[in-house]
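The structure appears right after this line, and notes come after that.
The numbers here are math on the coordinates, done by the rules we state, and not lab data. This structure is a prediction, so every number in the text was calculated from the model and none was measured. Don't worry about glycine lacking a Cβ; one is built from the backbone with ideal geometry, like all the others, and counts go over all protein chains shown.
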Amino acid sequence: MRLGGTLIGVACGLWLGSGAARLPSQTAGEQSPALKQADAAFRSGFAAQQAGNLELARAKFEEAVKLAPQIAEGHEALGAVELRLGKAGEAIRELETANQLKPNNEGSEENLAVAYARGAQPGKAIPHFEAAERLSQTQGASPLNAGFREEYGRALAAVGKMQAALDQLKAEEVLSGRRADLDDEIGSLYAQLGEWDDARGAFEQSLAEDGTYVRARIHLGVVLRQQNDLSGALAALEPAAKAAPPNADALLEYGRALAAAGKDEDASAEFQSALKVDPNLPGAALDLAMALQRMGRQQDAIPWFQQAVKQDPHNATALVNLGLALTLTGQAKDALDDFRQAIALDQKNPAVYKNLGVAHVQLSAFDEAIGDFEKALALDANDPQTHYDLGLAYKFKDRFSDAITELTRAETLDPTLQDPPYTLGILLMQMGRLDEAVTELKKAVALRPENGDAWAILGSTLKQDGKLSEAADALRKAIPLLPGQPGPRVTLAGVLAEQAAELNTQADAAESGGDAQKAAMLRNQKKELLGEVAELRREGAELARGAVNRQRANFALNAGNQLMLRGQIADAIARYQESVAADPTFADPHRQLAIAYERQGRAQDAAVERAKAGELKTMK
């Protein structure tokens, strides 16, 4: 722009190019010495700005402002250069002064809006964007350009006005044409509005414009995962996840898609890779911990949950699952604070109260556990697992009637659950209601025929009920399912011994009645049974004495932990028993077995196992 003999305009290239602001005309003869010096400084500043020397331009404009502080255009020029130098705070101060000295100026409003937006004050920026837009429409000023629309849209998005932000960015696209980064931003706004199909289209358009634009590829993967198109999400994310150098965000989202597809082993590897690139990547530690927990690797998950809580102390999900992992590894006391912090953050989450109750059960704080489970049921009355847990807590308090009510309620709400009839069967057996116990235990083995422990308990109950033939059948099913356990063999030996005694009595009666042939047949059958009894007792004794290496014990222990996480308590018990048999000096399976027994209401068995774990730990 051509400058006259006076400071007649600001041709300093304000950020949005809003045009030259003009002073009221003065003749050279009317200018004071200060104004002449200001005019010269301004000219020098403009020339420096045109030459790209922004620091010199700022110095000259500062000189002009000091000499002529009453002239709005000087402040506006200085503010615009400060903005280009990335000094939003200083720019705001100068542009506010210009706005006060000369209100209703489109250029001043425009630049002030951008300064506030770049200074992380979008709420203050929006009124100035609105003013600039209004002035442009009413005063016939220069049309607002694409840059204005972009900054205005981002400010609106920052205050949560997503639809208005979307309108501004789409208006920018009309002015500037399609760009990969712009379509990515538009897609992000659609996603925040929950308009997933439009978001997907925008991200796909972004990649059509630039197939290497990783940000859009990551966003597309997130949308596809949200739409449950997991194969599409994996296909979209894989190129970004496998690219070099590694991108932490791409690895994280790829891992999340793998986790959603049920591939936790692969997902955990991606999460770990992401954390190697960025150890503080938000969300990555929690995602890794959750994947490890789903895999049954509770102990491995704990430090990652702790890192997630450290990064975000107000994350209720991280706190709850940390507490759960601690509880499942026998550290319920340490879990209490995590559950309480989670409750303080989210008092309407029944899962928090339920897990807190499980921790209290492990600590034998049964009154507290009952209160926890009742609070959980007040929030979700139809959760069968919580009814089951409450039934156990009642059992521990010898409130057998209440326990039966809750266990029956759990069984009714979800007839496919194996643990309620199994535990109810044990409770009824302990109460001497053997026929009812047998009915429940038969339901349990029908639901999970591979559960050797359930068959063993059923066999023992049938033995007590005098149903020796059925007991023998049940125990014969238990033995191959529990190959390392002596118990079923010993119990079956007892059943067969009783049957042998009955045969002997029958043989005596036959012989007394003169039926020697029948008596002989019965005595042969007795002999065969006693031979089997001897073999079973020998095998049982051998198993009781035998021990395998720690590797086998660890394998069985880990398998039991995974089953516990999935709520398959009876199966977990079988694996823990295998671990104990593999290495009787190993304390951990005894400790986990105690927890599992408690979940079944077998307090006496749990106490025995916990005592064994304590003795072994002391010995070591």
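Spin-label model, residue 208 to residue 544: label points 7 Å out along the Cα-to-beta-carbon direction sit 7.7 nm apart. Compactness of the range 105-201, taken as the C-alpha radius of gyration over 2.2 N^0.38 Å, stands at 1.07.
Rg over Rh for the range 47-97 works out to 0.94, both radii taken from alpha-carbon positions and Rh defined as the Kirkwood radius. Report the calculated FRET efficiency for residue 382 and residue 608 (r = Cβ-Cβ distance, R0 = 30 Å), to the nearest 0.05. Efficiency, from the Cβ-Cβ distance: 0.25.
Taking the Cβ-Cβ separation of residue 405 and residue 344 as r and a Förster radius of 30 Å, what is the calculated FRET efficiency to the nearest 0.05?
Numbers: r = 32 Å, r/R0 = 1.06.
That pair, residue 405 with residue 344, gives E of 0.40.
Calculate, for residue 502 and residue 450, the FRET efficiency according to 1/(1 + (r/R0)^6) with r their C-beta to C-beta distance and R0 35 Å; round to the nearest 0.05. Mind showing how you got there, number by number?
Values: r = 32 Å, r/R0 = 0.90.
The pair residue 502/residue 450 has a calculated efficiency of 0.65.
Can you give me the angle between helix 384-396 and the longest principal axis of the chain, using Cα atoms only, in degrees from 0 to 90, rounded to the nearest 10? Approximately 50 degrees, to the nearest 10.
Helix 162-176 and the long axis of the chain differ in direction by around 50°, with both axes built from C-alpha atoms.
How many percent of the alpha carbon pairs in the range 327-376 exceed a separation of 15 Å?
More than 15 Å apart: 36 percent of the Cα pairs in the range 327-376.
Could you pull out the pairs from 395/443; 333/375; 395/442; 66/102; 463/612; 442/518 whose alpha carbons sit more than 24 Å apart here? Don't skip to the end; give the middle numbers.
Details: 395/443 20 Å; 333/375 20 Å; 395/442 21 Å; 66/102 17 Å; 463/612 28 Å; 442/518 35 Å.
From 395/443; 333/375; 395/442; 66/102; 463/612; 442/518, over 24 Å: 463/612; 442/518.
The equivalent ellipsoid that matches the C-alpha gyration tensor of the range 59-127 spans semi-axes of 19, 14, 8 angstrom, in descending order.
Computed across the range 178-281, the Kirkwood radius stands at 13.5 Å (inverse of mean 1/r, all Cα pairs). At the listed q of 0.05, 0.09, 0.10 Å⁻¹, the Debye profile of the chain, built from one uniform point per Cα, gives log10 I(q)/I(0) equal to -0.43, -0.87, -0.98. With the simple model of a label 7 Å out from the Cα in the direction of the Cβ, residue 93 to residue 363 spans 5.5 nm.
Just list whichever of 124/161; 263/354; 477/527 have alpha carbons separated by over 19 Å in the model shown. Could you put the intermediate results ahead of the total?
Details: 124/161 14 Å; 263/354 27 Å; 477/527 23 Å.
263/354; 477/527, as the Cα separations exceed 19 Å there.
Angle, helix 516-545 long axis vs. longest principal axis of the chain, Cα atoms, 0 to 90°, nearest 10? With both axes taken from Cα atoms, the answer is about 40 degrees. Within the range 376-394, which residues have the backbone N less than 15 Å from the label spot 7 Å out from residue 431 along Cα→beta-carbon, could you tell me? Residues passing the 15 Å test: 391-394.
Given a cut-off of under 8 Å on Cα pairs at least six residues apart, what relative contact order in percent is computed for the range 178-281?
Value for the range 178-281: 19 percent.
Find how much the distance from residue 54 to residue 179 grows on full extension, using 0.36 nm per residue of separation minus their present alpha carbon separation; answer in nm with one decimal.
Values: separation 125, 0.36 × 125 = 45.00 nm, distance 2.88 nm.
Extending this stretch completely gives an extra 42.1 nm.
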